[in-house]
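The values are calculated or read from the model by the stated rules, or taken from the named source; none is laboratory data. Bear in mind the structure is a predicted one, so any value in this text is a computation, not a measurement. Methodologically, a virtual Cβ is constructed for each residue, glycine included, from the backbone with ideal geometry; neighbour enumeration extends over all protein chains shown. Each accessible area value is taken on the protein alone, full model and side chains, heavy atoms only, with ligands, DNA and RNA left out. Shrake-Rupley method; radii C 1.70, N 1.55, O 1.52, S 1.80 Å.
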Amino acid sequence: MSRLLIRNGRVIDPSQNLDAEVGEIECLIEDGRITDLGADLSVEAAEVLDAEGAWVVPGLIDVHAHLREPGQEYKEDLATGGTAAVAGGFCQVACMANTLPVNDDPSVTKYILDRAEKESPAKILPIAAATRGLEGEVMTEMVALREAGAVAFSDDGATIMDASVMRRVLEYSRMPDVPVIVHAEDCRLRAGGVVHEGPVSTRLGLPGNPAAAEEIMVARDIRLAALTGAHLHIAHVSTAGSVRLIQEARDRGLRVTAEVTPHHLTLTDEATAGFDTSTRVAPPLREAVDIEALRAGLAEGVIDVIATDHAPHASYEKEVEFTEAPPGMLGLETAVAVTLDLVRDGLLSPLEYIRRLSTNAAKLLGVEGGALAIGGPGDVALIDPGREWTYDPIQGFSKSRNSPWAGQRLTGRVVATIVDGRLVYHHDRGVLIR
Ligand code: DOR
C-alpha cells in the first residue's frame with residue numbers, strides 16, 4: 001500500500017469550509033485516495049511531506065486550456081502541457097477541441113485520453129466540439145462523445161453564428177447533460193480587430209474589437225439558455241457589460257456559469273502599447289473599468305472560476321507584426337502567482353480563492369476532486385503564497401514561451417503537486433515524476 005502523509009501545512013478545503021491553522025490538520029492519502037484528515041495522524045511506513053507552512057489545498061482544476069495534441073505538437077503536447085499544469089498546481093485540465101483533427105469524433109476524444117494516460121502527470125478532461133470541424137453547421141454526436149469521455153462541448157474561438165444551430169446544440173447537450181462552453185464573440189462585428197476598441201487602439205493604430213462584439217453574443221446565448229434550459233458556460237468573460245448580463249441571468253435562476261482568465265483580471269489594453277505579441281489574446285485585454293467589474297464579479301460569485309485559457313504558440317508564430325500574430329498566451333505555470341493579488345488585496349479570502357480555482361471547477365464539469373474529502377481522489381497542491389520567484393518560460397515546462405510575464409518577479413509559488421497520491425511535482429526537490 002502506498003501512503004503519503006502531508007503535515008505542517010495550512011489545510012484549506014472550500015468543500016467543507018475548512019481553513020485550519022498551520023500544523024493543525026494533517027492529510028493522509030492511501031493508495032491514491034484521501035483516507036484521513038485530522039490532528040497528529042501517526043501512520044507507520046508513510047512517506048511524509050512537510051508542507052513547511054504552505055497552503056495545502058485540493059488540486060487545482062483548469063476548465064479551459066489548449067494542449068494542442070493532436071496536430072500541433074510543435075506548440076505543446078499532452079506531456080509538456082500536463083507537466084506545465086502540475087507545475088502550476090493543476091491536477092486536472094480540460095483541453096479545448098481546436099486540435100488537428102478537431103475533437104469532434106469519439107476516436108479523437110479516446111486518442112487524447114489514451115495519450116494523456118501515458119504521457120501527462122495531470123488528469124486530462126477533453127472538451128469535444130459542438131459542431132463538426134468547428135464550422136458551426138452540423139452538430140456532433142454528443143452522446144457518443146460523452147461516452148468516449150468528453151466533459152463538455154465547445155467550438156472554442158469559432159462562435160456558432162447561426163442561432164438556430166446554437167439552439168439545437170444547447171437542446172441536445174441536455175441529453176448527456178454537460179455544459180456547452182462558448183467563446184462569445186460576434187465575429188462579424190469583431191471584423192479584423194486585434195485589440196480592444198478604445199483610446200488605446202486608436203493611439204496605436206491597431207484595428208479594434210469592440211466590447212459589444214462579446215456582449216451581443218453573451219446576451220444571445222443567455223436567451224438561448226433560457227429557451228432550452230441547458231447549462232451554458234461562458235468562457236473568458238472580459239467586459240463589464242458581460243458581467244452585468246451574467247448577473248441578470250443568475251438572478252433569473254438560469255443555468256449560466258462563467259470563467260475569467262488571470263490576464264483579463266490583471267492586464268489592461270495598455271499592456272499592448274509596446275506591441276508585445278504575447279499580449280494579443282482573444283478576447284482582447286480591456287480597460288480598467290472592465291478589470292474592476294471582473295474582479296467584483298468573481299468576488300461576488302457571478303463568475304464561478306478562474307480558468308487559464310493556456311494558449312501556447314511557437315516563437316516564430318509570435319515574432320511577427322502584432323496584427324499577424326495568433327491570439328493566446330501561456331497560463332498554467334503563472335496562474336496562481338498572477339491571481340494571488342486577489343487575496344493580497346483582500347478581495348477574496350484564501351478559502352474563496354481556492355474555491356474558484358478548484359471546488360467550483362469540479363462542480364462545473366461534474367468531475368471528482370476539488371475537495372480534500374475522505375474517500376475522494378488524492379489530488380493536492382501546496383502553495384506558498386509569499387514565495388518570490390522569477391518566471392522564465394525557457395526554464396518552464398511548456399514548449400512555448402508566449403507570456404507577458406516572462407522575466408518578471410512574481411510572488412506566490414506552487415511548491416508541490418500530488419495527483420492520485422503521487423508526488424508528481426516538487427519545486428525544491430526538483431522531483432518530477434510522470
Ligand atoms: O487567445 C486565444 N487563443 N483565444 C482563443 O479563442 C483561441 C486560443 C488558441 O487556440 O490559441
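Structural remarks
- Each of GLY23, ALA144, ALA288 was placed along the dipole of the chain (beta-carbon charges, centred on the mean Cα), and the one lying farthest toward the positive end is ALA144.
- Extending 7 Å from the Cα toward the beta-carbon at both ASP162 and ARG223 defines two label points whose distance is 1.8 nm.
- Rounded to two decimals, the Cα-based Rg/Rh of the range 19-67, with Kirkwood Rh, is 1.05.
- Using the 1.4 Å probe convention, the accessible area of the range 1-153 works out to 37 Å² per residue with neighbouring protein chains retained.
- Spin-label model, GLU147 to ALA212: label points 7 Å out along the Cα-to-beta-carbon direction sit 4.7 nm apart.
- Scalar couplings 3J(HN,Hα) for the range 96-102, obtained by applying the Karplus form with A = 6.51, B = -1.76, C = 1.60 to θ = phi - 60°, are 5, 7, 7, 9, 10, x, 4 Hz; x denotes Gly and Pro.
- In the range 302-360, the C-alpha radius of gyration followed by the widest Cα-Cα span (Dmax) gives 15.0, 42 angstrom.
- Other-chain or far-sequence residues with amide H under 5 Å of VAL281's (modelled H): GLY328
- Charging the Cβ of each Asp and Glu at -1 and of each Lys and Arg at +1, and nothing else, the dipole of the chain about its Cα centre rounds to 480 debye.
- Using the Cβ-Cβ distance between ALA45 and GLU292 with R0 set to 51 Å, the FRET efficiency works out to roughly 0.45.
- Among ALA85, PRO106, GLN72 - extreme Cα towards positive end, dipole of the range 69-162, charges at beta-carbon: ALA85
- 5 angstrom amide H check on GLY198, placed H, neighbours 5+ away: none
- Computed helical MRE - 222 nm, the chain, DSSP H runs ≥ 4 contributing -39500 (n - 2.57), nearest 500: -8000 deg cm²/dmol
- Put a plus charge on the Cβ of each Lys and Arg, a minus charge on the Cβ of each Asp and Glu, and nothing anywhere else: the dipole of the range 79-216 about its Cα centre is then about 260 debye.
- Karplus (6.51, -1.76, 1.60) ³J(HN,Hα), θ = phi - 60°, over the range 113-126, in Hz, Gly and Pro reported as x: 5, 5, 5, 5, 4, 7, 9, 9, x, 9, 7, 10, 10, x
- Cα-based shape type of the range 148-194, given that a ≥ b ≥ c are square roots of the gyration tensor eigenvalues and the cut on a/c is 1.5: oblate
- With every protein chain in place, the chain: carbon and sulfur % of accessible area (1.4 Å): 48
- Computed from the C-beta positions of LEU100 and ASP345, the FRET efficiency with R₀ = 45 Å rounds to 0.65.
- Of all DSSP beta bridges in the range 78-194, antiparallel share, percent nearest 5: 10
- Anchor LYS399: lysines whose Cα lies under 21 Å away (excluding residues fewer than 8 positions away in-chain): LYS75, LYS118, LYS123, LYS318
- Total charge dipole magnitude, the range 306-434, about the Cα centre, Cβ charges on Lys, Arg, Asp, Glu only, Debye to nearest 20: 360
- Rh by Kirkwood over Cα pairs, then Stokes-Einstein D for the chain at 0.692 mPa s and 37 °C, µm²/s: 152
- With a simple spin-label model that places each label point 7 Å from the Cα along the Cα-to-Cβ direction, the separation between GLU117 and THR411 comes to 4.5 nm.
- Under the Karplus curve 6.51 cos²θ - 1.76 cosθ + 1.60, θ = phi - 60°, whole-Hz ³J(HN,Hα) for the range 64-79, x wherever Gly or Pro sits: 7, 9, 10, 9, 6, 9, x, x, 10, 5, 6, 8, 5, 9, 5, 6
- Over the C-alpha trace of the range 265-338, radius of gyration and Dmax come out as 13.3, 41 angstrom.
- For LEU18, residues with placed amide H under 5 Å, excluding near neighbours: ASP13
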